[in-house]
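The values are calculated or read from the model by the stated rules, or taken from the named source; none is laboratory data. Small disclaimer: the values here were computed from a predicted structure and weren't measured. Using ideal geometry, Cβ is built from the backbone for each residue, glycine included, and neighbour counts are taken over all protein chains shown. Side chains included, ligands, DNA and RNA excluded: accessible areas come from the protein's heavy atoms. Shrake-Rupley method; radii C 1.70, N 1.55, O 1.52, S 1.80 Å.
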Amino acid sequence: MKPLSGHRLQLVILIPAVVAYAVVYSIFAQMRYVSYNSYVYDLGVSSQLLYGVLHGGNLSFENLVANKLIYVPIGVLYGIHPYPPALEYAQAAWLAIGSVPLYFIASRRLQSKNYALALALSYLLFYPLAGDYWFDFHFMALFPTFLLISFALRESRRSRLSLVAAALAAMTDFMSPLIIVFYGIYVILDNRKQKTHNADINGIFSIDSGLYLMIIGIAFFGITVAYYGYGYFINYASGAITVPAPFSTGASIMVRSEYFFWLLLPVFFLCLLAPESMIMIIPYVGFALANQYTPYVSTMYYQYPALTAPVIFYSLVLGIERISESDHVKWKLPLKKFGRVTYAVLTFAVILAILFTPLGNLASSSNPTPPLSYDLTGQTASYEAINLLEYHPYDANVSRIISLVPMGSSVLIQNNMPQLTSGYNWTLPDYLNVTNRHLPEYVVADPYNRAYYTTYFSTNYHLNMAYDVNYFLESGIYGIFAEADGVMLLKEGYNGAPVLWTPLDTMPVDLAINPQASGMHTVNYSYIKYNSPLFLPGGETNVTINVSGPGAGEFLLKSINITWRFSYYSADHFINITSENYSFHSGSYIFQTDIPYSAVPIFNVGLRYQSSSAFPVSVEMHLQQLSYNLTWRN
């Protein structure tokens, strides 16, 4: 490699880009964490695993996590000052740094620092890797930079250090050792092609470095198999592992194979011009096609592109070089000319990054339409970056409630609470049997987050926090230990007054009824919205109803009937709010009703009104808690 001084201009561009990318995604990680939009899976479980290295006493063969041994050295560092978002800061920085060794590889192979810079920036902006930056911390996200460093060191003939980097890469995930095995096969083939033995690893025997790589991969994979057993991997490789319904594609193998079309599209499939290096992704291809696990074949949202991205870009460099040097390609172009394709790759990478990454969506203040998204990525959803980065006042109440849970306690939490994993004995509603004799001491309920209503690892809708909270309160097993604006902390066997109580302030629910012709009308509006903060704590609640017309024309309201139906456990419970014979153009009415227990209501609104013209009617309800009810059973 040339001295760094020869790359000064390019590094002046690349290094600030790397730093900026890492800083921006670190800020995103912090914002998601404080707004309770980070998740137990995987930030919570990863931070708990690392915390346990120094603080949990779980570093023994019996509870070793053999498929990601990199956690041991990282856990020693993390244990000095544990803070989960710090893991995501490090992850963002390490991912971004991967563009630096790629730059030096491309610079050497393509004999152009500008072409190399274009590819390094393309890798930095590679939209499938945005899932790794955005997704909660995962050890797999450490893989690509280790592998690229290994590639770069081998290119500079520093085989010993290259093997060390490859060994670290092999420790990041159970699939990574298999990729290293194929890396070794590639090196052997490449050495034979170049008619070199690359035998600078001297020992009892002079061995091709590719064989060392294969030994490293087989050794780490063997450790994992020995620990978990052969049956697990046979079932996994054959697709016999049961995938939770929310994460199952249900698609045919042909449909799942389309994933690789979308994955290679950003580099115009030029990586396929180096098939001998692309063999490194064979293990991933096999696992992806054998399983119904949706994240395996998603170009966005998840961490799995980390296992293929470094190979794709390394092969891209080799492919561009090959077209310019091959004697078997009739249309070959000099490297100086064909290398300009790197600028096209960079331009396409910028466009895709603007359209399909959290940073791009925020910078452009837009989300692509589903048809466009599918045509370019095979996906139809967005990252919802704007929503997931927004901090709300009720997030502070979640923090207040969480602070009341003693360290070391057993606690039932939602998937949006990684704050309660390290140092706690936690579980999720998905795994809790509410009739079990050994229930958690505490339950933390955050009804403002979709995790309150959602099941992640079960097809049983009732296995969510909304169901559990209602069951616990109605049965009397738990009492309200604290409540802040609807966020609750339940404690097993607690019968006293809450140690903290902040009443529900204002919770709006808006309904709009389509225009009707003039005359007398009876309208029934059924409304169900589980992913909204529509949650009523027990006690006396003020219900303010605003009924509005267009501001012109006579509007005579004959009656209102609002029925709240609380459906939980084994029965439906109803609360009726009615008014009759009110005459007005627009008006506001206040009712008080006693909510017997915390619940997620399904409500029906019935209006009977007379109008002189056709216009829409708007009904707005505001719920405000007035008093607290300690009696949770009818």
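I need a count of the residues in the stretch 471-490 that are part of a helix (DSSP H, G or I) and open to solvent by 10 Å² or more (accessible area, probe 1.4 Å). Step through it out loud before you land on a result.
If we filter the stretch 471-490 for residues that are part of a helix (DSSP H, G or I), which is where we start, we get 471-475.
From what is left, the residues that are open to solvent by 10 Å² or more (accessible area, probe 1.4 Å) are 471, 474-475.
Of the residues in the stretch 471-490, 3 are part of a helix (DSSP H, G or I) and open to solvent by 10 Å² or more (accessible area, probe 1.4 Å).
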Residues (under 30 Å from the mean Cα position of the chain (by Cα) and of a type in the set (D, E)) located in the stretch 106-160: D132, D136
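If you take just the helices (runs of 4 or more DSSP H) that sit entirely in the stretch 194-300, which of them hold at least 1 residues that are surrounded by 12 or more Cβ atoms within 10 Å (Cβ to Cβ) and either basic (K, R) or at pLDDT below 90 (or both)?
Once the helices (runs of 4 or more DSSP H) in the stretch 194-300 are filtered for at least 1 residues that are surrounded by 12 or more Cβ atoms within 10 Å (Cβ to Cβ) and either basic (K, R) or at pLDDT below 90 (or both), what remains is 209-228, 230-238, 253-264, 282-290.
Is it the case, given these coordinates, that V311 is out of contact with any strand residue (DSSP E or B) (no Cβ under 6 Å at 6 or more places or on another chain) and open to solvent by 10 Å² or more (accessible area, probe 1.4 Å)? Don't jump to the end; show me each part of the working.
Values: out of contact with any strand residue (DSSP E or B) (no Cβ under 6 Å at 6 or more places or on another chain): yes; open to solvent by 10 Å² or more (accessible area, probe 1.4 Å): no.
No: the conditions fail for V311.
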Condition broken by P447, with the remaining ones in (1) more than 15 Å from V45 (Cβ to Cβ); (2) surrounded by fewer than 23 Cβ atoms within 10 Å (Cβ to Cβ); (3) touching a strand residue (DSSP E or B) at 6+ places or on another chain (Cβ under 8 Å) satisfied: (2)
Candidates L87, L49, L77, filtered to the one that is touching a helix residue (DSSP H, G or I) at 6+ places or on another chain (Cβ under 7 Å) and either open to solvent by less than 20 Å² (accessible area, probe 1.4 Å) or more than 24 Å from F457 (Cα to Cα) (or both): L87
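I'd like to check something: does the stretch 106-126 contain any residue that is among the charged types (D, E, K, R), buried (at least 23 other Cβ atoms within 10 Å of the Cβ) and in a helix (DSSP H, G or I)? Steps first, please.
Initial filter on the stretch 106-126 (among the charged types (D, E, K, R)): 108-109, 113.
So of that shortlist, the ones also buried (at least 23 other Cβ atoms within 10 Å of the Cβ) come out as none.
Looking for residues that are among the charged types (D, E, K, R), buried (at least 23 other Cβ atoms within 10 Å of the Cβ) and in a helix (DSSP H, G or I), one finds none in the stretch 106-126, hence no.
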Failed item in (1) among the hydrophobic types (A, V, I, L, M, F, W, C); (2) in a loop (DSSP other than H, G, I, E, B); (3) in contact with a Phe, Trp or Tyr (Cβ under 7 Å, 6 or more places away or on another chain), with L463 passing the rest: (3)
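Out of curiosity, is Y431 aromatic (F, W, Y), without any contact (Cβ under 8 Å) to a residue 12 or more places away in the chain and open to solvent by 10 Å² or more (accessible area, probe 1.4 Å)?
So Y431 fails the test.
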